[in-house]
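The values are calculated or read from the model by the stated rules, or taken from the named source; none is laboratory data. Because the structure is predicted, anything quoted here is derived from the model rather than measured. Backbone-built Cβ (ideal geometry, glycine too); neighbour counts: all protein chains shown. Keep in mind that these areas ignore ligands, DNA and RNA; they rest on the heavy atoms of the full protein, side chains included. Shrake-Rupley method; radii C 1.70, N 1.55, O 1.52, S 1.80 Å.
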Amino acid sequence: MHFYNPVRDLLKHMRNANDSSLIGDCFLERGNSLIFLGAPGAGKSKSAQALCGSLATGTAFVDMKPARALRVLYVQAEDTIDDLAESFQGFVKHTLDGDKDSIELLEKNLIIVTVVGHSGPEFLEWLEKACERHKPDVVVVDPLLAFIGCDLVDQKSVTRFLRGLLHPILIKHNCGFIGVHHKRKGEEGSELDQGLGSTEFSAFFRGAISLSVSKARHQELTMKVVKRQRQLGWTDADGNPTDTKYLLKGQ
């Protein structure tokens, strides 16, 4: 794919003029992506599922407000039907408060698919067909580890998967992408570079959120924006900009 951007057009460009922003002030845009990082047991999947529900119903999740109710394709590999049912029943009860209109939006806009046995280019062939069929605004893949199909430290292979194969699909189908990914054991280095495998995981994704369990209070999760903080626009109780929010596990 090739795109020519004349300077005269750039100088006249109005931010989000083509309605490309999906979350925040272009924190997640059509054709682009963000990564959701967390250690095993930190609540990545439950948080990602709550975010999917919020995107599908146009409601905020931890002050992440979608532009409107969005069509979401959630592709997962690890949770059982019991896990999924528990998660989304909890979302309906605690976030939607049983509101019938919101439940109808959730049922209409959220497509949940469990995919087993597809990885690498084969998975992306499946994903492209799924995008053609369902026409999502946002694709959420949980976890990336299950679908990438290559050595995670092989930068050439990771780059081909993300930039050479995945990114053109996002552009072609005009959708955003959220990848749920594991942190390295020990969590060495900056939070942005804690993702398991190649540094390409931190380089490719335009936005990044790190999820961790509070050491002081085991039931509290810390969500920190570690890339493109300004575009998400989080503020604290006093209205000051912040990159960190807290929530209870299972919330």
For residue 190, the lone unmet condition from (1) surrounded by fewer than 17 Cβ atoms within 10 Å (Cβ to Cβ); (2) of a type outside the set (A, V, I, L, M); (3) closer than 22 Å to residue 243 by Cα; (4) at pLDDT 70 or above is (4)
Looking only at the stretch 104-123, count how many residues are exposed (fewer than 14 other Cβ atoms within 10 Å of the Cβ) and outside any loop (DSSP other than H, G, I, E, B). 6
Out of 80, 59, report the one residue that is touching a Ser or Thr at 6+ places or on another chain (Cβ under 8 Å), open to solvent by 10 Å² or more (accessible area, probe 1.4 Å) and among the β-branched types (Val, Ile, Thr). 59
Please list, ordered by first then second residue, the pairs with beta carbon atoms under 6 Å, 6 or more apart or interchain, first in the stretch 207-230 and over 19 Å from residue 46 (Cβ atoms) and assigned to a helix (DSSP H, G or I), second open to solvent by 40 Å² or more (accessible area, probe 1.4 Å) and modelled with pLDDT under 90. none
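Here is a yes/no grid of residues against (1) in a loop (DSSP other than H, G, I, E, B); (2) open to solvent by 10 Å² or more (accessible area, probe 1.4 Å); (3) of a type in the set (Phe, Trp, Tyr):
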residue: 10; (1), (2), (3): no, yes, no
residue: 14; (1), (2), (3): yes, yes, no
residue: 19; (1), (2), (3): yes, yes, no
residue: 22; (1), (2), (3): no, no, no
residue: 46; (1), (2), (3): no, yes, no
residue: 55; (1), (2), (3): no, no, no
residue: 70; (1), (2), (3): yes, no, no
residue: 89; (1), (2), (3): no, yes, no
Among residues of the stretch 20-68, those that are basic (Lys, Arg), in contact with a His (Cβ under 9 Å, 6 or more places away or on another chain) and over 20 Å from residue 206 (Cα atoms), counted: 0
Which condition breaks for residue 149 when tested against (1) in contact with an Asp or Glu (Cβ under 8 Å, 6 or more places away or on another chain); (2) outside any loop (DSSP other than H, G, I, E, B)? (2)
Can you name the number of the only condition in (1) in a loop (DSSP other than H, G, I, E, B); (2) surrounded by fewer than 18 Cβ atoms within 10 Å (Cβ to Cβ); (3) hydroxyl-bearing (Ser, Thr, Tyr) that residue 159 fails? (1)
Need pairs with beta-carbon distance below 7 Å; first residue in contact (Cβ under 8 Å) with a residue 40 or more places away in the chain and within 22 Å of residue 90 (Cα to Cα) and within the stretch 27-46, second crowded, with 22+ Cβ neighbours inside 10 Å and of a type in the set (Phe, Trp, Tyr); sequence gap 6+ or separate chains. 44/36
Determine whether residue 93 is in contact (Cβ under 8 Å) with a residue 12 or more places away in the chain, surrounded by fewer than 24 Cβ atoms within 10 Å (Cβ to Cβ), part of a helix (DSSP H, G or I) and among the charged types (D, E, K, R). no
